[in-house]
Amino acid sequence: MMMWQDMRFALRMLGKSPGFTAVVILTLALGIGANTAIFSVVSAVLLRPLPFPQADRLVTILHVNLRTGETGRAESYPDFRDLRAQSKSLEAVAAYDEGSVTMTAMGEPAHLTMGILSADMFNVLRVPPLLGREFVAAEDKPGTHVVILSHRLWKTRFGGDLKVTDKHVVLDGTPYVVAGVMPAEFQFPLDSQPMDLWSTIAVEGAEAQAQRGSHFLGVIGRLSGAATLAAANAETAEISARLEKQYPDTNGHWGMTLQPEMQTLVGNVRPALLMVLGAVGFLLLIACANAANLLLARAAGRQREMAIRASLGAGKSRILGQLLTESVLLSLAAGALGLLLAVWGTAALTNLPSVEIPRLASAGLDLRALVFTLLVSLFMGVLFGLAPALYASRFNLFRSLKEGGRTATEGTGHSRIRALLVISQVSLAVVLLVGASLLIESVFHLLHESPGFDPQGVMAFNLDLPDSRYGKPEQSRDFFLDLLGRIRMVPGVKNASGVMPLPLSGDALRTSFEIEGRPTAKSDRPSTHIRTVGLDYFEAMRIPLLAGREFNARDDRHAPHVAVINQTLARKFFPNENALGKRIKPSTAGDKSDQMCEIVGIVGDVKHRNLWQPPDPESYVPYEQDAIGAMNIVVRSDGDPMLLLPAIREQLRALDAELPIYRVERMEEYVAASVAQRRFTGLLCAVFAGAGLLLAVVGLFGVMSYSVAQRTHEIGIRVAVGAEKPDILRLILTEGMRITVVGIALGLLGAFGVSGVVKSQLFGVSATDPLTFLGVVLALGLVALAACYIPARRATRVDPLVALRYE
């Protein structure tokens, strides 16, 4: 009953000060809404279990270099097969890859994404098809053609046909039997774009399944009932050691290790998201300090009210409870408004273009986010309301009831608390500003980092040739040579070529190679990334030629095999000699596996993984000597290359009307998208830092304005005895800047302390960059000076006659 009385009274009191109530609610709603939105993202990405039964038992098998500790999510099919046969700690193991196909004979040709799975994948994930059946072990063997459809493809292209199983679809010119349909919520792999359908590992072919040195498969397993991750890792290490002894040429100093699938999926984004969550937490603390300051100012004006209540019998605990009720009601109202802001903020975050964060699209306000908001609101209501409530409940009954009673020392403790709150705001704002400035500077460096080629005026698109019609190397070779010749004739095209894989895609064929005259064991050979390129590729992409020559028309399949290497490979493996004329032999399958490639040119380094990591040793081989069935076509134009797309499609249709173009993008946008995740982190931290700075400055302005109002009588006396306006101005500014300097000093200590947190996200700037720290100090100092100047200027206009009557 007493609680309801307190709530009704609190609502009446808050209603009497609508301006004060609105400001407090809006301030807190900003902090609570931002926290809820970011928590919703963190919850969806980092906290929500994977969408599979007993997902905590799923582990990733990583390929690890036992010498360097470098790991990768890629295994060979023979190693996967041996692990599956020998492991007792893993009840099921499955392999997967990604590909694409063209579906024909059902209207317009459609490019589809395909998940390539070993037959026991659904047993590992424990997700059965909605319709039909799973794959069976025999369907892993080359020569079988069977698919399971995604729910989306089943609905859009097959009309939800309940009898679709056992029917045929034509993919890349080959009929496939439909085995089943997956549920609508099923998606695998989780870190890629949604798959349209899934087939078995048979599509990789017998050659890929036989090569132990070809690492292209992701592998996932499920721990058996009683097995721990540590025990499974120990067993996997034993299996790896046996394979290393048994196959030293391919498995020398290479092994396997396990880690939770969840860690593999979100490990790269975890630091950035936790950093953003910490930043928005700082913003909430600043908002709370601001609200506490406002309540303290209000409490000073309610001393007489509290004294009257006490004289009527209210104890201090009763008054304290009443005041805390008001602050909790304010925070709950702010939480309700914050939820609305969070709905908008979460939707904005999930719809940001080009931000590749796993499971970000599934973020939303679920029950966990609602509970989080409620707890934060209640906690903040107590936190920011406690100090004002304690102050207001401690009063001198005689002085408070005395009409006009006021002493020179009254409010000293109150002023000290308000100053401490502002100091905390300023110090938190400094930490936020330093972190955000470092991240923004890092993004700036990334955006101006050269990828090693000129993306302006370049368009890229993918094209896959079906094996049913282009299964022989000469067929795909002739097709791409003819297509590129036609594209170069399109008006507006300055140059055109092809590459596989595309720069900054993160894809690469990594292989060891032998240098002629330097015999080494296969397990000790150096490695390089090999890229197949068409004629004029370096010119089309404007990759500088540093020495030698580019590929030309004479480098065909009948000529001696040649290669162009990048600057990193030349420096690393030919440090004190001219690499031109030297010969290397990559350990790859295909025409050139048994013969040396002469190095005929050296080109500049290209960032193929991302912009913030150093380039790897790279080797380029001409397409005519290493023809493959998939290429990324790059087209350079003096204008907007996207305007050329209709004419290019016409040229493609003239050659093959059933081939679709996909993943069409401007290279400028493609390069910018490669840093989207870091830009996302920097932008959010900058927004929160800006909001924190605004709140801190508002808090400082409020403290100084209140101080001037409280010291009106004192200022009047100073003016009456001869103080000049500059003296008064200096007095008030000194007081305000003293608070600011203390806050900045504490903030700098905090910024140095947390600099290690942002270090992993930085590029081109040190975590303790002195210019950044100095810039934040100067900027905050100037803003604080402006916030203090307005109240100080008001103090210089005090009329002594009015001030002396202030009592």
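The values are calculated or read from the model by the stated rules, or taken from the named source; none is laboratory data. Remember, it's a predicted structure, so these values are computed and weren't measured experimentally. Neighbour counts run over all protein chains shown; Cβ positions are idealised from the backbone, glycine included. These accessible areas exclude ligands, DNA and RNA; they are computed on the full protein's heavy atoms, side chains included. Shrake-Rupley method; radii C 1.70, N 1.55, O 1.52, S 1.80 Å.
Residue check: Thr236 meets all listed conditions (1) in a helix (DSSP H, G or I); (2) within 33 Å of the chain's Cα centre (by Cα); (3) more than 29 Å from Ala138 (Cα to Cα) but one, namely (3). Considering the range 610-643, the residues that are small (Gly, Ala, Ser) and under 21 Å from Arg554 (Cβ atoms) include one that is most open to solvent (accessible area, probe 1.4 Å), namely Ala627. The condition (being under 23 Å from the mean Cα position of the chain (by Cα) and more than 30 Å from Glu70 (Cα to Cα)) is satisfied by just one residue among Leu284, Leu274: Leu284.
Within the range 597-609, the residues that satisfy the criterion of being in contact with a helix residue (DSSP H, G or I) (Cβ under 9 Å, 6 or more places away or on another chain), assigned to a loop (DSSP other than H, G, I, E, B) and open to solvent by less than 20 Å² (accessible area, probe 1.4 Å) are Gly604, Val606.
In the range 67-93, the qualifying residues are those that are outside any helix (DSSP H, G or I) and touching a Lys or Arg at 6+ places or on another chain (Cβ under 9 Å), and the one that is nearest to Leu509 (Cα to Cα) is Ala74.
Could you list, in sequence order, all residues of the range 102-127 that are within 18 Å of Ser192 (Cβ to Cβ), touching an Asp or Glu at 6+ places or on another chain (Cβ under 6 Å) and hydrophobic (A, V, I, L, M, F, W, C)? Correct list: Leu112, Ile116, Phe122. Annotation: of all residues in the range 209-237 being of a type in the set (Ser, Thr, Tyr) and open to solvent by 10 Å² or more (accessible area, probe 1.4 Å), the one that is farthest from Lys88 (Cα to Cα) is Ser214. For first residues located in the range 266-287 and touching a residue at least 40 places away in the same chain (Cβ under 8 Å), partners that are surrounded by fewer than 16 Cβ atoms within 10 Å (Cβ to Cβ) and outside any helix (DSSP H, G or I) and lie 6+ apart or on another chain with Cβ distances below 8 Å form the pairs Pro271/Ser760. Any residue at all in the range 709-723 that is surrounded by fewer than 21 Cβ atoms within 10 Å (Cβ to Cβ), over 27 Å from Val280 (Cβ atoms) and modelled with pLDDT of 85 or more? For the range 709-723, residues surrounded by fewer than 21 Cβ atoms within 10 Å (Cβ to Cβ), over 27 Å from Val280 (Cβ atoms) and modelled with pLDDT of 85 or more: absent.
A single member of Thr250, Thr264 is modelled with pLDDT of 80 or more, open to solvent by 20 Å² or more (accessible area, probe 1.4 Å) and closer than 29 Å to Pro358 by Cα, and it is Thr264. The set of residues from the range 123-141 being within 20 Å of Val164 (Cα to Cα) and either touching a residue at least 40 places away in the same chain (Cβ under 8 Å) or open to solvent by less than 20 Å² (accessible area, probe 1.4 Å) (or both) comprises Val127, Pro129, Leu130, Leu131, Gly132, Arg133, Glu134, Phe135, Glu139.
Of all residues in the range 441-456, those that are of a type in the set (S, T, N, Q) have Cβ atoms under 6 Å from Cβ atoms of residues that are open to solvent by less than 70 Å² (accessible area, probe 1.4 Å), 6 or more apart or on another chain, in Ser442/Leu762; Ser442/Phe763; Ser442/Val765. Pairs meeting the criteria (first residue in the range 719-746 and closer than 17 Å to Gly702 by Cα and without any contact (Cβ under 8 Å) to a residue 24 or more places away in the chain, second residue hydrophobic (A, V, I, L, M, F, W, C) and open to solvent by 60 Å² or more (accessible area, probe 1.4 Å), beta carbons under 6 Å, at least 6 apart or on different chains) are lacking. Applying the criterion of being assigned to a strand (DSSP E or B) and among the small types (Gly, Ala, Ser) to the residues of the range 540-583, the residue that is least open to solvent (accessible area, probe 1.4 Å) is Ala563.
Yes/no per residue for (1) closer than 26 Å to Gly506 by Cβ; (2) acidic (Asp, Glu); (3) open to solvent by less than 10 Å² (accessible area, probe 1.4 Å); (4) in a helix (DSSP H, G or I):
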position	(1), (2), (3), (4)
Lys155	no, no, no, yes
Val177	no, no, no, no
Pro183	no, no, no, no
Val203	yes, no, no, yes
Glu207	yes, yes, no, yes
